[in-house]
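Read the structure below first, then the notes.
The values are calculated or read from the model by the stated rules, or taken from the named source; none is laboratory data. Just so it is clear, the structure is predicted and the values come from calculations on it, not from any experiment. Cβ coordinates were reconstructed from backbone atoms using ideal geometry, including for glycine residues, and neighbour counts include every protein chain displayed.
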Amino acid sequence: MPSPYNLDVHDRCSDCSVREERLFCNMSDETMAALDAIKFTSVYPKGSVLFVEGEQPRGVFILCSGKAKLTTSSSEGKTLIVKIAEPGEVLGASTAILGKKYEVSAETLEPGQVNFIRREDFIRFLGGQAEACMHAVQHLSEKYHSAQRGIRSLGLSQTTSEKLARLLLDWCAKSGEETAGVIRLHVLLTHEEIAQMIGTTRETITRLLSDLKRKKVIAVKGASVFIQKKSELEAMVSI
């Protein structure tokens, strides 16, 4: 399928070259063919809202490429980013299974392919495919443990600078590209969005990043953040 965003779009999940690397999608050809029969494939631009907190679940969204942020908001309008979803993640699965309202909102951070499955089709798919049911359980279990790690990181950090250091170290572990002792991070988030990830203000994030740049712990060039002194970030983490 041609894409206006120069994406490698797959109409069939069985044609995806990286599906074996993804927890939910790593299933047999027979099961993937059953999934292909019930999904709707679309390419979304950056900033597309997939679903909104408080809505009744229409279905689930499989993030094939690109990234998305999951956010929750208070009645006062304060927003917290609870997760950055990566390719291969199934968004809205728990609410679809339970039949409860979406607990978060999902918005794309970059152009990407998303497969949508209607809730009733997804429930029927899990009921008829034992392999898919097990992979869904594994996927939800991984999300649970990821949430626990996030709560621990935020809850046990003593200062905002420690929370930021933990976040940068987490990104290093997940997607950092190391060359000659320097780790490159591709950061799609604005200062406001980074602040929303650790529960602080944009002004605080700007100040903390400026301090790290002044101390040559990091360097920033466009969307790239270069971790030059990882050991100093690790020293900021007390727990």
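If I ask for residues that are in contact with a strand residue (DSSP E or B) (Cβ under 7 Å, 6 or more places away or on another chain), in a strand (DSSP E or B) and without any contact (Cβ under 8 Å) to a residue 40 or more places away in the chain, which ones from the range 211-239 would you list?
Ala219
Please work out if Glu203 is in a helix (DSSP H, G or I), touching a strand residue (DSSP E or B) at 6+ places or on another chain (Cβ under 8 Å) and of a type outside the set (A, V, I, L, M, F, W, C). Steps first, answer last, please.
Working: in a helix (DSSP H, G or I): yes; touching a strand residue (DSSP E or B) at 6+ places or on another chain (Cβ under 8 Å): no; of a type outside the set (A, V, I, L, M, F, W, C): yes.
In short, no.
Please go through (1) in contact (Cβ under 8 Å) with a residue 40 or more places away in the chain; (2) of a type in the set (A, V, I, L, M, F, W, C); (3) assigned by TED's automatic domain parsing to the domain that holds Lys83 for Ile151 and return the number of the only condition it doesn't satisfy.
If we test Ile151 against (1) in contact (Cβ under 8 Å) with a residue 40 or more places away in the chain; (2) of a type in the set (A, V, I, L, M, F, W, C); (3) assigned by TED's automatic domain parsing to the domain that holds Lys83, just (1) comes out false.
Can you tell me which of Val225, Val182, Val237, Val220 is surrounded by 15 or more Cβ atoms within 10 Å (Cβ to Cβ) and more than 23 Å from Arg149 (Cβ to Cβ)?
Result of the check over Val225, Val182, Val237, Val220: Val182.
Quick check on Pro87: is it touching a Pro at 6+ places or on another chain (Cβ under 9 Å), within 28 Å of Thr190 (Cβ to Cβ), surrounded by 18 or more Cβ atoms within 10 Å (Cβ to Cβ) and assigned by TED's automatic domain parsing to the domain that holds Glu30?
Criteria not met by Pro87.
Restricting attention to helices (runs of 4 or more DSSP H) lying wholly within the range 101-189, give those where 1 or more residues are closer than 20 Å to Val237 by Cβ. Outline the logic, then answer.
Working: elements: 119-128, 130-156, 160-175.
Where helices (runs of 4 or more DSSP H) fall fully within the range 101-189 and carry at least 1 residues being closer than 20 Å to Val237 by Cβ, they are 130-156, 160-175.
Could you list, in sequence order, all residues of the range 202-217 that are surrounded by 12 or more Cβ atoms within 10 Å (Cβ to Cβ) and either farther than 27 Å from Lys78 by Cβ or not assigned by TED's automatic domain parsing to the domain that holds Ser175 (or both)?
Selection gives Lys213, Val217.
If I filter the range 126-146 for residues that are in the same structural domain as Pro57 (by TED's automatic domain parsing) and under 14 Å from Ile81 (Cβ atoms), do I get at least one hit? Even if it seems obvious, please write down each step before you answer.
Initially, the range 126-146 is screened for residues in the same structural domain as Pro57 (by TED's automatic domain parsing), giving 126-146.
Checking which are under 14 Å from Ile81 (Cβ atoms) leaves us with 146.
Scanning the range 126-146 turns up at least one residue that is in the same structural domain as Pro57 (by TED's automatic domain parsing) and under 14 Å from Ile81 (Cβ atoms).
Would you confirm whether or not the range 71-78 contains a residue that is of a type in the set (Val, Ile, Thr), in a strand (DSSP E or B) and out of contact with any Ser or Thr (no Cβ under 8 Å at 6 or more places or on another chain)?
No, the range 71-78 contains no residue that is of a type in the set (Val, Ile, Thr), in a strand (DSSP E or B) and out of contact with any Ser or Thr (no Cβ under 8 Å at 6 or more places or on another chain).
Could you tell me whether the range 47-55 includes any residue that is loosely packed, with under 15 Cβ neighbours inside 10 Å, assigned to a strand (DSSP E or B) and in contact with a strand residue (DSSP E or B) (Cβ under 6 Å, 6 or more places away or on another chain)?
Taking every residue of the range 47-55 in turn, at least one turns out to be loosely packed, with under 15 Cβ neighbours inside 10 Å, assigned to a strand (DSSP E or B) and in contact with a strand residue (DSSP E or B) (Cβ under 6 Å, 6 or more places away or on another chain).
Give me the pairs, please: first residue somewhere in the range 164-191 and within 19 Å of Ser210 (Cβ to Cβ), second residue anywhere and part of a helix (DSSP H, G or I) and among the basic types (Lys, Arg), beta-carbon distance under 6 Å, and either six or more positions apart or on two chains.
His191/Arg202
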